[in-house]
Structure formats: structure tokens, C-alpha cells
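Derivation of every value follows stated rules applied to the coordinates shown; laboratory data play no part. As the structure is a computational prediction, the values presented were derived from the model and not from experiment. So basically every Cβ, Gly included, is an ideal-geometry build from the backbone, and we count neighbours across all protein chains shown.
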């Protein structure tokens with residue numbers, strides 16, 4: 001199943017999408033198919049009124065996932081932004097979602113990053129992912145989230161704890 005997804009997605013040209021919304025819907029479908037191929041139960045909220053795009057059920061709990069994509073080359077990687085859209089100034093919060101799933105289209109690579117890693121101080125507005133050529137070994141702090149599908153089997157509390165362990169004492173204000 002994954003080989004079919006890889007082959008099909010790598011042949012799609014970005015110019016086939018008339019709008020970023022259309023591309024976003026396509027990437028959400030890719031994420032849902034990939035998550036399902038990893039044994040997850042995937043739910044899609046009706047409409048666009050929630051802060052997250054997809055929910056993943058595991059052991060009776062739900063993880064709220066915001067799906068993003070990038071094709072914007074930024075030096076040795078691709079720039080991924082964490083904005084709701086270009087018209088909204090209100091940032092995401094940990095009360096809104098649990099995980100970011102970012103798809104780097106030209107590299108056909110998924111990054112699953114806990115929202116707490118991005119949204120806790122210092123809040124990241126954007127990060128560079130998927131280095132093509134590593135200039136410095138210690139520069140690419142998000143590479144261990146590449147294809148980190150095992151995070152979908154964690155609870156919200158486990159994702160928050162993993163962020164605290166990785167970053168030391170991080171202040172977290174979300175409800176669990």
C-alpha cells in the first residue's frame with residue numbers, strides 16, 4: 001500500500017492545483033491514507049470550522065492533527081509555516097490541536113511533530129525541514145520526527161511529556 005502512495009504522489013505536479021486550499025485537501029487525503037496504512041483509525045471532521053484537519057483514534061482517545069504541506073525550498077531544506085491561513089492572525093494553541101503532520105511534497109516526506117514542540121516558548125512560526133545537504137550536523141533538530149508514525153499511537157499526555165523530556169522544563173498550559 002505505501003509503495004502505491006509513494007509512486008502516485010511523486011508523479012503529481014504542483015501546477016495541477018488551482019488553489020492552496022485544493023492542494024491542502026489533497027495533502028489531507030494523503031495523510032489519512034498514510035495513517036490508515038500504519039493501522040490508525042482516522043476521522044475527518046465535517047466542514048472547516050475546527051482548528052484541526054483530522055483526528056486519529058487510538059485506545060479510546062483522539063489526537064487532533066493539523067496537516068500542512070510545503071514545496072518552498074529554503075536553502076538546504078523546505079520552509080514549513082504554522083499559520084492557520086494568510087488572513088488569520090490568531091495562532092494555534094495547545095487547546096486546538098495535538099500534532100502537526102507536515103508533508104514536504106518534492107521529497108515525498110512526512111514529519112509528525114507534537115504541537116507542544118512547535119507551540120511552547122519559544123513559539124515557532126516556521127521551521128526548515130528535510131535537509132537535502134546537511135551543512136552542520138547539529139542544525140536539523142526536527143529530523144527525528146521524519147516518518148514518526150509511532151507518535152500516532154501516543155496519548156495527548158504522552159506527547160506533552162515527550163516534549164518536556166526533549167526540551168527540559170517546558171511550560172505547558174493545555175488541558176489534558
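Averaged over residues, the count of other Cβ atoms within 10 Å places the peptides 150-158, 99-107 in the sequence 99-107, 150-158, highest first. Full extension of the chain between residue 36 and residue 72 gives 10.2 nm of extra length, using 0.36 nm per residue less the Cα-Cα distance. Peptides 65-78, 18-31, 38-51 ranked from most to least packed by the mean count of surrounding Cβ atoms within 10 Å: 65-78, 18-31, 38-51.
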